[in-house]
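Here the structure comes first, spelled out in structure tokens, and everything after it is commentary.
The values are calculated or read from the model by the stated rules, or taken from the named source; none is laboratory data. Not measured: the values here are computed from a predicted model. Positions of Cβ are backbone-derived with ideal geometry, glycine not excepted, and every protein chain shown enters the neighbour counts.
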Amino acid sequence: MNASESDNPTGGENQSSSHVARMTAELLQAKARQRRRYIFATLALILSLFVMLAILVLSNATSIDVEPEEAGQIASVRVVDGVGKALGHKVYSWSANPTIEVSATGFRASHKTLSASEIGGTVRVELQPLPGELHIITAPESDQTRWFVDDRMVSVGAAFKQDLYAGNYSITIDSPYYLIKTLPITIKRAEQLQLSESLEKVSGQFHISTVPAGAEVHINDELIGKAPVSIAKQGGAYQIVVSYGDYEPITEAVELTNSASVVERDYRLLLKGAYLDVHTAPQGGQLLLDGKVVKAGRLQVKAGLVHSLRYEKDGYFPQHRKVSAKSGEEKSIAFNLKAEMGLVRVVSSPIAVVSIDGKEVGKTPLELELSAISHHLVIHKKGYRSHQQIVVPSSASVQRIKVVLPTEIEAKLAESPALMRNSAGIELKLFKPDDLFVMGAPRHEKGQRANEFLRTVRLTKPFYIATHEVSRSQFSRFKAVAGAKNEPVTSISWIEAAAYCNWLSQQEGMVPFYDIRAGRLIGSNIESAGYRLPSEAEWEWLSRKAGKSKQTRFAWGDDTTIAPKAGNIADESAKGSTARYVPNYSDGFAGVAPTGSFPVESMGLYDLTGNVSEWVHDVYALVPNAGVKAEVNPLGARIGDTHTVKGSNWRSGGITELRAAYREGKKAGRDDIGFRVARYVYGGINGEK
């Protein structure tokens, strides 16, 4: 102990008392603060209640009218979305579009979002009643049971389980082997009703008779007796078996049901069948039993009757048998057909090879012995059209075949139509010129030019040529061009016209006539039957000789007076715009006209006179063919940079250019030069492959 403690023994007691007093004071202050907090909390709660009450008073109450009346008496309403409160059937809302839930026992709950126009008013909510559930089982059960509600079938099965709205119903249970049962049912809302119903079997009858009488009758393997017989049975499925001596047994499945409780049968028994074991040679023929086609093998037939059997096969003599067998008997029958042969004599002009079914058998004249079946006969010779036919030899007579084979050229020509339309819509006319004529013009002919050399020409190859000049529309399918689509295409080069011909050939699967590479002509395939430009000889023959009794100077004849509508040439309207014009002639067109605007000319073509001049196949030549008696199907030189143009056009007004012998040589196209297409009927040089 230190000095101060020893000097003041009461000092410690004073300090302890002071400390207790301080703690007491602090405790009293804490209790005072707590009392103040309780007072403030109570005042705040009272204030909140007053505020809520004020809001309820100031807000619009929405009345909820619940239907039906029975639901309205027990319904409850609550706010499930938004700020609001439901008191009874009134809703107080402090937010826009609150959602309420209306529910009542036995009814489906309903949710409704109140719109601004509905708040503060009366809102009608209709509750739908909950259905009850009816569950019925039967003893015994049957998957075939049909269930009816108020005479309407609703299901098929061993049990019935259905939702039904509250009310009274008539439930019908129809199980086929049991008596129909009808139950009156009352079900309440949301009620689950379970029932178990016992069913009573149907009582039925079997009445069975047979012809002949006395057959044993078994029902489900139980011997009932000998027919006629009757027996009572309960509803169910049964199998009846009727048997008697040498007769075929009869088996039948039947049912006794609540809709058919009586089964009556009068069975007509048939004697047991007989059997025919039929073998055939050769195989693959047709076997007929009593006129009906059957397969060879074991055949069942009626005993005691005569049956007809026939076996036949192409190339063989048929065989026929009459046969009968007793009840239960089996007979073996064999057919072995003998081959039928026939003679075929074949004669042809010229002598040719004969093939039968793809195999060469000799040359005509020929006599063949063949089986009496269908054979494919072909008589063929190189360069001639083959003759084909089906022959069926017969032993009854000799079949004679005599044919004249046409050459391929003759056949091809015979098959060629007089007029045809190709894939581009171009109409072509067939010409068969076996004719000799003179091209060019003599020096004394008025209008003659020095380049119109006299040439004797023979045309022998049939050819097609377009009845109209190629239009812009037709050319544009190959290469786009501007201008009226129904007018002839102009201002194109010779090589473009030739390329169009090749394009046409390719469209129709033909070998192109022209060999064009990098826009240049390399040569011509003169053996091709593809599209080409007409030769100069063909063009001039068409204009001067085709369809006429004699050769003429102009396409219309020898008269220098031009008939009306002869063609589109330089008429009165061309005065002043062309070097020459035809006075007192008017064709109605100052320039080029649509193709086919003028009447068809005597050779059957359009616009050979006038409209546009035309590119032809030939290279332009200024050298006469001296010493050649007659050129046959001439095509001119193989290559050259200048080609021949034939015919007059809408600028032509003088005798010189209106004559059919008129010719020009051009390297480039012009606005009054077009073209038309041609092609040989068949390829080859002068018609020979």
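Test Ala418 against the criterion of being in contact with a strand residue (DSSP E or B) (Cβ under 9 Å, 6 or more places away or on another chain) and closer than 30 Å to Ser374 by Cβ, and give yes or no. Spell out how you get there, then give the answer.
Numbers: in contact with a strand residue (DSSP E or B) (Cβ under 9 Å, 6 or more places away or on another chain): yes; closer than 30 Å to Ser374 by Cβ: no.
Spelling it out, it is not the case that Ala418 is in contact with a strand residue (DSSP E or B) (Cβ under 9 Å, 6 or more places away or on another chain) and closer than 30 Å to Ser374 by Cβ.
Report, ordered by the first and then the second residue, all pairs with beta carbons closer than 9 Å, sequence separation of six or more or different chains, a first member in the range 256-274 that is touching a residue at least 60 places away in the same chain (Cβ under 8 Å) and outside the structural domain of Ser175 (by TED's automatic domain parsing), and a second member that is assigned to a strand (DSSP E or B) and basic (Lys, Arg).
Cβ pairs passing all conditions: Leu256/Lys233.
Can you tell which of Gly204, Gly225 is of a type outside the set (Phe, Trp, Tyr), out of contact with any helix residue (DSSP H, G or I) (no Cβ under 6 Å at 6 or more places or on another chain) and free of Cβ contacts under 8 Å to residues at least 12 places away in the same chain?
On the way: Gly204 fails: free of Cβ contacts under 8 Å to residues at least 12 places away in the same chain.
Result of the check over Gly204, Gly225: Gly225.
Of the residues that sit in the range 605-623 and are farther than 23 Å from Asn502 by Cβ and hydroxyl-bearing (Ser, Thr, Tyr), which one is farthest from the chain's Cα centre (by Cα)?
Once the filter is applied, the top-ranked residue is Thr609.
Filter the range 369-398 for residues that are under 20 Å from Lys338 (Cβ atoms) and part of a strand (DSSP E or B) and give the result.
Passing the criteria: Glu369, Leu370, Ser371, His375, Ser394, Ser397.
What are the residues in the range 263-282 that are touching a Leu at 6+ places or on another chain (Cβ under 8 Å), buried (at least 17 other Cβ atoms within 10 Å of the Cβ) and not in a strand (DSSP E or B), if any?
Answer for the range 263-282, where residues must be touching a Leu at 6+ places or on another chain (Cβ under 8 Å), buried (at least 17 other Cβ atoms within 10 Å of the Cβ) and not in a strand (DSSP E or B): there is none.
Working only within the range 352-363, note down all residues that are surrounded by 13 or more Cβ atoms within 10 Å (Cβ to Cβ) and either farther than 23 Å from Ser395 by Cβ or under 49 Å from the mean Cα position of the chain (by Cα) (or both). Even if it seems obvious, please write down each step before you answer.
Step one: filter the range 352-363 for residues surrounded by 13 or more Cβ atoms within 10 Å (Cβ to Cβ), giving 352-356, 361-363.
Scanning the range 352-363 gives Ala352, Val353, Val354, Ser355, Ile356, Val361, Lys363.
Is it the case that some residue within the range 101-115 is surrounded by 13 or more Cβ atoms within 10 Å (Cβ to Cβ), touching a His at 6+ places or on another chain (Cβ under 6 Å) and not assigned by TED's automatic domain parsing to the domain that holds Glu67?
no
One line per residue, one yes/no per condition, for (1) at pLDDT 95 or above; (2) outside any loop (DSSP other than H, G, I, E, B); (3) in contact with a Gly (Cβ under 6 Å, 6 or more places away or on another chain):
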{"residue": "Gly284", "(1), (2), (3)": "no, no, no"}
{"residue": "Leu299", "(1), (2), (3)": "no, yes, no"}
{"residue": "Gly304", "(1), (2), (3)": "no, no, no"}
{"residue": "Leu309", "(1), (2), (3)": "yes, yes, no"}
{"residue": "His320", "(1), (2), (3)": "yes, yes, no"}
{"residue": "Lys326", "(1), (2), (3)": "no, no, no"}
{"residue": "Ala334", "(1), (2), (3)": "yes, yes, no"}
{"residue": "Val347", "(1), (2), (3)": "yes, yes, no"}
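If we keep just the residues of the range 602-631 that are over 9 Å from Gly647 (Cβ atoms) and of a type in the set (Asp, Glu), which is modelled with the lowest pLDDT?
Glu631
Which of the residues belonging to the range 571-588 are surrounded by 11 or more Cβ atoms within 10 Å (Cβ to Cβ), modelled with pLDDT of 90 or more and of a type outside the set (D, E, K, R)?
Tyr581, Val582, Tyr585, Ser586, Gly588
May I ask you to say which residue of Thr467, Thr460 is surrounded by fewer than 16 Cβ atoms within 10 Å (Cβ to Cβ) and either in contact with a helix residue (DSSP H, G or I) (Cβ under 9 Å, 6 or more places away or on another chain) or closer than 24 Å to Ala546 by Cα (or both)?
Working: Thr467 fails: surrounded by fewer than 16 Cβ atoms within 10 Å (Cβ to Cβ).
Going through Thr467, Thr460 in turn, the sole match is Thr460.
Kindly list the number of the only condition in (1) in contact (Cβ under 8 Å) with a residue 40 or more places away in the chain; (2) farther than 30 Å from Gly291 by Cβ that fails for Lys359.
Condition not satisfied by Lys359: (1).
Given the condition out of contact with any Phe, Trp or Tyr (no Cβ under 7 Å at 6 or more places or on another chain), charged (D, E, K, R), at pLDDT below 95 and surrounded by fewer than 12 Cβ atoms within 10 Å (Cβ to Cβ), answer yes or no: does some residue in the range 402-415 qualify?
Scanning the range 402-415 turns up at least one residue that is out of contact with any Phe, Trp or Tyr (no Cβ under 7 Å at 6 or more places or on another chain), charged (D, E, K, R), at pLDDT below 95 and surrounded by fewer than 12 Cβ atoms within 10 Å (Cβ to Cβ).
If you go through the range 168-211, how many residues are assigned to a strand (DSSP E or B) and among the charged types (D, E, K, R)?
Residues of the range 168-211 that are assigned to a strand (DSSP E or B), as a first pass: 168-174, 178, 181-187, 192-198, 201, 203-211.
Remaining after also requiring among the charged types (D, E, K, R): 174, 181, 197, 201.
Going through the range 168-211 one residue at a time, the tally reaches 4.
What tally of residues in the range 107-135 results from selecting those that are among the acidic types (Asp, Glu), more than 18 Å from Gln73 (Cβ to Cβ) and in a strand (DSSP E or B)?
If we filter the range 107-135 for residues that are among the acidic types (Asp, Glu), which is where we start, we get 118, 126, 133.
Adding the requirement that they be more than 18 Å from Gln73 (Cβ to Cβ) leaves 118, 133.
Then keep just the ones that are in a strand (DSSP E or B); that gives 133.
Within the range 107-135, residues that are among the acidic types (Asp, Glu), more than 18 Å from Gln73 (Cβ to Cβ) and in a strand (DSSP E or B) number 1.
I need the full set of residues from the range 617-662 which are of a type outside the set (Gly, Ala, Ser) and farther than 17 Å from Glu540 by Cβ, in order please.
Correct list: Val623, Lys629, Arg638, Ile639, Asp641, Thr642, Trp650, Arg651.
Within the range 85-106, which residues are farther than 12 Å from Ile64 by Cβ, assigned to a strand (DSSP E or B) and not polar (S, T, N, Q)?
Residue satisfying the conditions is Lys85 alone.
Does Asp150 count as within 17 Å of Glu133 (Cα to Cα) and either more than 54 Å from the chain's Cα centre (by Cα) or among the charged types (D, E, K, R) (or both)?
yes
Just one of Ser348, Ser394, Ser386, Ser374 is crowded, with 18+ Cβ neighbours inside 10 Å and polar (S, T, N, Q); which is it?
On the way: Ser394 fails: crowded, with 18+ Cβ neighbours inside 10 Å; Ser386 fails: crowded, with 18+ Cβ neighbours inside 10 Å; Ser374 fails: crowded, with 18+ Cβ neighbours inside 10 Å.
Result of the check over Ser348, Ser394, Ser386, Ser374: Ser348.
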